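Worksheet for the structure shown next.
Read the figures in this text as sums done on the coordinates, not as results from a lab. It should be emphasised that the depicted structure is a prediction, and the values quoted were computed from it without experimental measurement. Backbone-built Cβ (ideal geometry, glycine too); neighbour counts: all protein chains shown.
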Amino acid sequence: METAAGAMGGKEDAAMREVLVLNGPNLARLGTREPDVYGTANFDDLSALCRETGRRLGLHVEVRQTDDEAELVGWLHEAADGRLPVVLNPAAFTHYSYALRDAISQRTAPLIEVHISNPAAREEFRHTSVVAAVATGTIAGFGLRSYVLALQAVAELLAEQEATGAARPAAR
Ligand code: DQA
């Protein structure tokens, strides 16, 4: 099996920064869920795209999904404790979960909020994100490409940190 390091032309795994791509409720149902809104690619396609993008950018990407708010909060604690950058699609939790917001507030590395659709162009309740203010930034409305753009942003932020000699996790 080709390792991530192999795909990077010999770059050591240890040198690759780990990034968590975390997905909230109903996102495992991509492909069958409202394809007119979310497209026809399924969650495995999304995971493969994120891992492949990570390899290209020198990031080791781990993709997870849960329908459970407590589990997602636990993963955000893990990221905070491990100083791991996060790409997060909070799905419906975006619009009402203060527990998620409080977990994100503890972050110790960049966290990019992503959405496949453009919530601002949809129903009124989707216009509010209770997490946006505590994220590094938000990318929405580009389909699965939102994740690619978010991983690029993470890679650039990490490179910037390294170039300026900023100790992790300075670029919050
Ligand atoms: C979503 C947008 C949310 O409003 C919705 O609840 C989702 C998916 C998106 O990726 O477009 O589940 O986060």
Shape call for the stretch 81-151 from the C-alpha gyration tensor, a ≥ b ≥ c root eigenvalues: rounded (a/c under 1.5), prolate (a/b greater than b/c) or oblate? oblate
Taking a label point 7 Å from the Cα of ALA92 along the Cα→Cβ vector, which residues of the stretch 15-36 have an amide N closer than 12 Å to it? 25-27
Report, by chain and number, residues whose modeled amide H sits under 5 Å from the one on VAL114, excluding near sequence neighbours (fewer than 5 apart, same chain). LEU88, ASN89, ILE139
For n ≥ 4 DSSP H runs only, could you compute -39500 (n - 2.57) per run for the chain, divide by its residues and tell me the 222 nm figure to the nearest 500? -11000 deg cm²/dmol
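Above 27 Å lies some portion of the pair distances; for the stretch 4-158, what is it as a whole percent of all C-alpha pairs? Let's see the in-between values first.
Numbers: 2082 of 11935 pairs.
Summing the P(r) tail past 27 Å for the stretch 4-158 gives 17 percent.
What does the extension gain come out to for ARG64 and GLU34, with contour length at 0.36 nm per residue minus their alpha carbon separation? Don't skip to the end; give the middle numbers.
Working: separation 30, 0.36 × 30 = 10.80 nm, distance 2.07 nm.
Full extension of this stretch gives 8.7 nm more.
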Among ALA155, ALA121, ALA28, the residue with the largest mean-square fluctuation in a Gaussian network model of the chain built from Cα contacts under 10 Å is ALA121
